[in-house]
Amino acid sequence: MMKPMTVHFFTFGDARWGSSRQRAFKIADELRARGYAIALHTPPVLFISTTPWPAKGRLIWQTVRSLSSIRKGDIVFLQRAIANKYFFAIMAVYLALFRRRMIFDIDDPIWTHSFLKTALFAKMADAVITCTHTQAEWARRYNKNVHIIHIGLELPSYEKFTKRYADTPAVQTIGWVGTGPEHLRNLEVLAGVFKKLVPKAPAPFAFVLIGALKNQSVYDLFAAIPGLTVRFIDSLDWTDPESVPRELQKFDIGVVPHRSEGEWNKNKTSFKVLEYMACGVAVVSSEFGELPYVIEDGVNGFLARTEDEWVEKLSRLLSDTALSARLGRAGQARVREAYSYDVLVPMYESVIKSVASAR
């Protein structure tokens, strides 16, 4: 009796790494629950890069040995797996020699810093999955079979923590969640907004930043703003599916400041936008990358291009709780319709089936 096809995942990071958790480990779990045979291979390619010699050699050998478990008819799923030159060379040679079917998944414009590796895997792939429309435009230069599947989330884990605007306190909370040190330049956008907003805010507010990681530059950026009440949460248990939504429920407004210049920023999206929306929290975001496809300005959130637009839209929400509640409900509905795993996993299934059936 012929064994069933197996989908072999090779990932950028482990389950603690956001993109790998959302676009590989969680997808693998969902596919397994639907009856697919799944293999999650270790080590993640990032670990090979960050491990010194001679231990690096053992990880490289472990990768080589793992290839022996891939049979003809199986599918190799590479989740942003270009972070190590040894892994890249091994996988490229393996795919060329043994002609295994391969899906290449990217959720960031990684070609901006690894052009040749990204372009070659895109060209070798039987299908490419991207996270944004502009990423798909780039990938179609090298592959005709390109699919846009946005990063998604398990909506029920967030709906349990739906924001209740009827309980809005006298001092509202504007909140941000992420890896503070990595987003320092984006957070500078928000600091400039707060300097203008604080003196003329229509209602009292405090700012909560989750993910400061005890970084002094992050602390200083907001602590230096006169009159701003700010609270820093250095870290959460990112692997606990309830740790983030539990905190987001306390926000009255979720913010996503982001610079729009440069190819990286123009091709990005934001997972934190979906997290805010999934909790029914009103969102104000910079207009960049994929966000105009996610947020319809004034319908399920607000987009802002300038500091003055940021101040105006934050002021509207601070002065109108009913508006925040309406945008929050619409945002949650948007996630349910387009960005929940119930919607996205069948899209992955469709790509896998098409690759498996291709001759």
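The values are calculated or read from the model by the stated rules, or taken from the named source; none is laboratory data. This is a predicted model, so every value here is computed, not measured. Heads up, the Cβs are rebuilt from the backbone with ideal geometry, glycines too, and the neighbour counts pull from every protein chain shown. Side chains included, ligands, DNA and RNA excluded: accessible areas come from the protein's heavy atoms. Shrake-Rupley method; radii C 1.70, N 1.55, O 1.52, S 1.80 Å.
Taking amide hydrogens as placed 1.01 Å from N in the peptide plane, the amide H of A206 sits under 5 Å from those of Q172, T173, I174, each at least 5 positions away in sequence or on another chain. Accessible area per residue for the range 138-264, computed on protein heavy atoms with a 1.4 Å probe, is 47 Å². Spin-label model, R231 to A170: label points 7 Å out along the Cα-to-beta-carbon direction sit 1.6 nm apart.
The share of accessible area on the chain that comes from carbon and sulfur is 54 percent, using a 1.4 angstrom probe.
When +1 charges are put on Lys and Arg Cβ atoms and -1 charges on Asp and Glu Cβ atoms, the dipole computed for the chain relative to its Cα centre reaches about 1460 debye. Within the shell of other residues whose beta carbon sits under 11 angstrom from the beta carbon of G13, the net charge comes to +3, with Lys and Arg scored +1 and Asp and Glu -1.
For the chain, DSSP calls about 0 percent of its internal beta bridges antiparallel.
Structure note, pairs K123/K266; K163/K353; K72/K272: Cα-Cα distances above 29 angstrom occur for K163/K353; K72/K272. Modelled label positions at T51 and S68, each set 7 Å beyond Cα in the direction of Cβ, lie 1.7 nm from each other. Among D342, D252, D220, the largest mean-square fluctuation in a Gaussian network model of the chain, built with springs joining Cα atoms closer than 10 Å, belongs to D220.
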